[in-house]
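Bear in mind that the values in this text are calculations on the coordinates, not laboratory data. These numbers were taken from a predicted model, which means no experiment stands behind them. Positions of Cβ are generated from backbone atoms using ideal geometry, with glycine treated the same way; all protein chains shown enter the neighbour counts.
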Amino acid sequence: MHTITYKREMAEKTVCHFKVEAPRIARKAKPGQFVVLKANETGERIPLTMAGTDSSAGTIDLIFQVVGKSTALLRTLNVGEGIMDIIGPLGKPT
């Protein structure tokens with residue numbers, strides 16, 4: 001599990017910003033890379049671009065728009081709760 005350490009709703013429950021504990025990803029990530037995550041055992045895998053990383057804190061920043069079932073499920077998670085799986089960093093750095 002990857003714990004959510006920060007949550008902010010940025011636009012009328014449609015855009016969210018999370019900081020998530022993922023120390024290995026935070027250490028290796030480069031600008032332009034993304035992660036694939038699954039909120040829980042019944043959720044589907046979705047790709048999200050990392051908005052930033054903090055290797056000293058071991059966190060990654062995820063900003064996403066709520067547009068479907070999986071992002072709506074992700075939005076219901078709160079600080080202290082966890083995201084089941086996060087794979088990354090993926091993709092070619094820019």
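Please count how many residues of the range 70-94 are of a type in the set (Lys, Arg) and farther than 19 Å from Met10 by Cα. Final tally of qualifying residues: 1. Cβ-Cβ contacts under 7 Å between residues 6 or more apart (or on different chains), taken from a first residue in the range 35-61 that is free of Cβ contacts under 8 Å to residues at least 24 places away in the same chain to a second residue that is among the aliphatic types (A, V, I, L, M) and assigned to a strand (DSSP E or B), are listed as Leu48/Val35; Leu48/Leu37; Leu48/Leu62. The residue that is surrounded by the most Cβ atoms within 10 Å (Cβ to Cβ), among those in the range 1-37 that are aromatic (Phe, Trp, Tyr) and within 19 Å of Val79 (Cα to Cα), is Phe18.
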